[in-house]
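Just below is one structure, and these are the notes that go with it.
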Amino acid sequence: MKKLTLLGRHSRSICRNHFLCFSSSTVSIPYQKNENNSYEKKLEEEDKEEPKAFTGSISIPKKKHAIQMVYCGAGYHGMQINTTSPLPTIEGQIVSALIKAKCIPEICFNNLKLVRFQRCARTDKGVSALAQVISVRLFENCANPVEVVNSYLPPEIRVIGIKRATKGFNAKIMCDARTYSYTLPTFALSRNASLAPDTSFRLSREEYHHVNRLLSFYKGTHRFHNFTKGKLSDDPSARRHIYGISCSEPFVRHGVEFARITITGQSFMLHQIRKMVGLIIAVVKGVATPEFLPLSMQVQKINLPLAPALGLVLECTHFYFHNRRCLSSESTRTVTWEEYVPAVEAFKEEKIMPVIIEGELTDLSMWLWLQQFSGYTFSIT
């Protein structure tokens, strides 16, 4: 059993174990060496196969790459492409840009399996990311592929790195953990605060520690069937492990106090983090009792509130085991974040934080959401 320690601070931090992390506390992640050689062998065999349905004049890329990207999710209906819907998605934009940059053939837009396309995390509608990774087979015909691809992307989506990956690299399978943050005004974390932004309000130390005590309940392995859609308590896929979760020290923007909840887990289901945050807010506000925390993990089906998507950001993706294997074999095909810290930080401050702050101060995202609490019923079925 190995342990990976994520070292972080409220401000930017660089983890020296080959990735970037914005965690507000130290998180220990145990790693069991999984024997997935057979899976990697299968992926390598797939990479060697020629797509049977397309031969002759149609050329299919053969070289696996890792694409590292950042984006502001406001205005997009999630990460995953939907070929049957006109609604915009992040993947729709990136795939279109890859086609225009002649990195993949146009035929792949409706059949991404041809280029072994896989994303690291499937972010929800409106959710942003500072550490998304895509694995895909690309043509190697661009001298400056990052610049070329970005020239076909809108400013709220940026590719920050494209590099060759190992043949069996799969962005989803080989990601050991994901770190998300949820930024919200602190009046949402206090029973005594008004339900709207107030420049005079500051979260008390007692309330701050109370929030962190409540959040600590989520640590470990639990049945999160009530925190997503279509899952029963006995569904093995509903069991998820949370390595660490905490609330940062509050900070002030435009006179209003905010805080950031940071959570690291192996993987997350649809709506899981937003419902985790929603339940904590409900308990803090007195709409639900603290007993609802353990009750939410039991067999009964419970209706839980879904917090707004606005403040949710994919902060870091961790490829510890993959990188360790690459380094042990003297391969340079690791997936790391250190070199992109300046670009990531600049994008966060220019494109993501202004949207979150404006959404709270001008559009009153959290205030409007909290209005439903007056008549909210935590029904148990």
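The values are calculated or read from the model by the stated rules, or taken from the named source; none is laboratory data. What you are looking at is a predicted structure, and each value in this text was computed from that prediction instead of being measured. Every residue, glycine as well, gets a Cβ built from its backbone with ideal geometry; the counts of neighbours run over all protein chains shown. Keep in mind that these areas ignore ligands, DNA and RNA; they rest on the heavy atoms of the full protein, side chains included. Shrake-Rupley method; radii C 1.70, N 1.55, O 1.52, S 1.80 Å.
Before moving on, here are some points about what is shown:
- Residue tally, condition of a type in the set (Gly, Ala, Ser), open to solvent by less than 10 Å² (accessible area, probe 1.4 Å) and over 14 Å from residue 223 (Cα atoms), over region 265-306: 3
- Just so you know, in region 143-158 the residues that are within 11 Å of residue 100 (Cβ to Cβ) and hydrophobic (A, V, I, L, M, F, W, C) include one that is nearest to the chain's Cα centre (by Cα), and it is 153.
- Residue within region 110-126 that is on the phi > 0 side of the Ramachandran plot and touching a Lys or Arg at 6+ places or on another chain (Cβ under 9 Å) present: yes
- Cβ-Cβ under 9 Å pairs, at least 6 apart or on other chains, region 179-197 side touching a residue at least 12 places away in the same chain (Cβ under 8 Å) and under 17 Å from residue 263 (Cα atoms), far side assigned to a strand (DSSP E or B) and charged (D, E, K, R): 179/315; 180/315; 181/260; 181/315; 182/260; 183/260; 184/260
- Within region 260-277, not a single residue is out of contact with any Lys or Arg (no Cβ under 8 Å at 6 or more places or on another chain), closer than 23 Å to residue 299 by Cα and part of a strand (DSSP E or B).
- Of residues in region 240-264 being over 13 Å from residue 185 (Cβ atoms) and of a type in the set (A, V, I, L, M), the one surrounded by the fewest Cβ atoms within 10 Å (Cβ to Cβ): 242
- Residue 354 vs. criteria under 16 Å from residue 159 (Cβ atoms) and without any contact (Cβ under 8 Å) to a residue 24 or more places away in the chain: no
- Check on residue 225, crowded, with 19+ Cβ neighbours inside 10 Å and either basic (Lys, Arg) or under 20 Å from the mean Cα position of the chain (by Cα) (or both): yes
- Boolean, residue 140 is free of Cβ contacts under 8 Å to residues at least 12 places away in the same chain and among the acidic types (Asp, Glu): no
- Enumeration of residues in region 340-351 that are under 29 Å from residue 194 (Cα atoms) and either without any contact (Cβ under 8 Å) to a residue 24 or more places away in the chain or touching a Leu at 6+ places or on another chain (Cβ under 9 Å) (or both): 348, 349
- Among residues of region 67-85, those that are over 16 Å from residue 99 (Cα atoms) and touching a residue at least 24 places away in the same chain (Cβ under 8 Å), counted: 13
- Listed by first and then second residue, the pairs linking a residue in region 238-265 that is under 20 Å from residue 358 (Cα atoms) to a residue that is of a type in the set (Gly, Ala, Ser) and in a strand (DSSP E or B), with Cβ atoms under 7 Å apart and 6 or more places separating them unless they lie on different chains, are 250/259; 260/181; 261/181.
A quick yes/no check of all residues on (1) over 30 Å from residue 321 (Cβ atoms); (2) surrounded by fewer than 20 Cβ atoms within 10 Å (Cβ to Cβ):
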{"position": "145", "(1), (2)": "no, no"}
{"position": "154", "(1), (2)": "yes, yes"}
{"position": "181", "(1), (2)": "no, no"}
{"position": "184", "(1), (2)": "yes, no"}
{"position": "207", "(1), (2)": "yes, yes"}
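- Residue satisfying condition, being over 24 Å from residue 309 (Cβ atoms), free of Cβ contacts under 8 Å to residues at least 60 places away in the same chain and among the hydroxyl-bearing types (Ser, Thr, Tyr), within set 204, 233: 204
- The residues in region 79-108 that are open to solvent by 70 Å² or more (accessible area, probe 1.4 Å), over 22 Å from residue 270 (Cα atoms) and either in contact with a Phe, Trp or Tyr (Cβ under 7 Å, 6 or more places away or on another chain) or not acidic (Asp, Glu) (or both) can be counted, and the count is 3.
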